[in-house]
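Enquirer: This is the structure I want to talk about, given as structure tokens.
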Amino acid sequence: FYKWPADPNNVNQDNGNDYAFFRLGEIYLIKAEALNEITPGDGTALQLVNDLRARVFNPPKPLSSIDRTAIFNERLFELTFEAKRRQDLIRFGEFTQAWQFKPATDAHVILMPIPQPQIDANPLLTQNPGY
């Protein structure tokens, strides 16, 4: 899946692009999420999300209202293939739920296991529960 145009001078399969860790679109969504939590209903979060949507929809398809679910869905649309979804699912409380190709899981999978060499190197570490 190529999200950004490939570098025509690159012959490797890595697409020749650097990996985008932060983009302006994500910053808009972070700010919209924070504003929606602090001052829901004031319209600023809705305006930020609609500004973001306006650049990709022609004609524009603005949202009429905003809530946590709408922001969660916009993060899915905007940040596809940018390694953000797992943390979003955890933050919004959806990670352990079942969905299309994944059964419901125990909460212990939110934390990853600590590698055994790290535990061996530091006796003060204890393995995360469930591993």
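The values are calculated or read from the model by the stated rules, or taken from the named source; none is laboratory data. Every value quoted in this text rests on a predicted model; they were computed, and no experiment measured them. When we count neighbours, we look across all protein chains shown, and the Cβ atoms used for this are built from the backbone with ideal geometry, even at glycine.
Enquirer: Does the range 83-94 include one or more residues that are without any contact (Cβ under 8 Å) to a residue 24 or more places away in the chain, more than 30 Å from residue 4 (Cβ to Cβ) and not basic (Lys, Arg)? It would help to see each step written out before you state the result.
Expert: Restricting attention to the range 83-94, the residues satisfying the condition of being without any contact (Cβ under 8 Å) to a residue 24 or more places away in the chain are 83, 85-91, 93-94.
Filter again for more than 30 Å from residue 4 (Cβ to Cβ), leaving 93.
So of that shortlist, the ones also not basic (Lys, Arg) come out as 93.
Looking through the range 83-94, at least one residue is without any contact (Cβ under 8 Å) to a residue 24 or more places away in the chain, more than 30 Å from residue 4 (Cβ to Cβ) and not basic (Lys, Arg).
Enquirer: Of (1) small (Gly, Ala, Ser); (2) in contact (Cβ under 8 Å) with a residue 12 or more places away in the chain; (3) over 22 Å from residue 24 (Cα atoms), residue 70 satisfies all except one. Which?
Expert: With respect to (1) small (Gly, Ala, Ser); (2) in contact (Cβ under 8 Å) with a residue 12 or more places away in the chain; (3) over 22 Å from residue 24 (Cα atoms), residue 70 is out only on (3).
Enquirer: Can you tell me which residue in the range 1-45 is modelled with the lowest pLDDT, limited to those that are of a type in the set (Val, Ile, Thr) and part of a loop (DSSP other than H, G, I, E, B)? First the steps, then the outcome.
Expert: Taking the range 1-45 as the starting set, the residues that turn out to be of a type in the set (Val, Ile, Thr) are 11, 27, 30, 38-39, 44.
So of that shortlist, the ones also part of a loop (DSSP other than H, G, I, E, B) come out as 11, 39.
Numbers: 11: 70, 39: 93.
The extreme case among them is 11.
Enquirer: Quick check on this structure: which one of 81, 57, 101 is surrounded by fewer than 12 Cβ atoms within 10 Å (Cβ to Cβ), at pLDDT below 95 and in contact with a Phe, Trp or Tyr (Cβ under 8 Å, 6 or more places away or on another chain)? I'd like the intermediate steps shown before the answer.
Expert: Details: 57 fails: in contact with a Phe, Trp or Tyr (Cβ under 8 Å, 6 or more places away or on another chain); 101 fails: in contact with a Phe, Trp or Tyr (Cβ under 8 Å, 6 or more places away or on another chain).
It is 81.
Table: residues versus (1) outside any helix (DSSP H, G or I); (2) surrounded by 10 or more Cβ atoms within 10 Å (Cβ to Cβ); (3) at positive phi; (4) out of contact with any Lys or Arg (no Cβ under 9 Å at 6 or more places or on another chain).
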site	(1), (2), (3), (4)
66	yes, yes, no, yes
86	no, yes, no, yes
105	yes, yes, no, yes
114	yes, yes, no, yes
117	no, no, no, yes
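Enquirer: Give the residue, chosen from 73, 36, 50, 9, that is surrounded by fewer than 10 Cβ atoms within 10 Å (Cβ to Cβ) and not hydroxyl-bearing (Ser, Thr, Tyr).
Expert: On the way: 73 fails: surrounded by fewer than 10 Cβ atoms within 10 Å (Cβ to Cβ); 36 fails: surrounded by fewer than 10 Cβ atoms within 10 Å (Cβ to Cβ); 50 fails: surrounded by fewer than 10 Cβ atoms within 10 Å (Cβ to Cβ).
So the residue among 73, 36, 50, 9 that is surrounded by fewer than 10 Cβ atoms within 10 Å (Cβ to Cβ) and not hydroxyl-bearing (Ser, Thr, Tyr) is 9.
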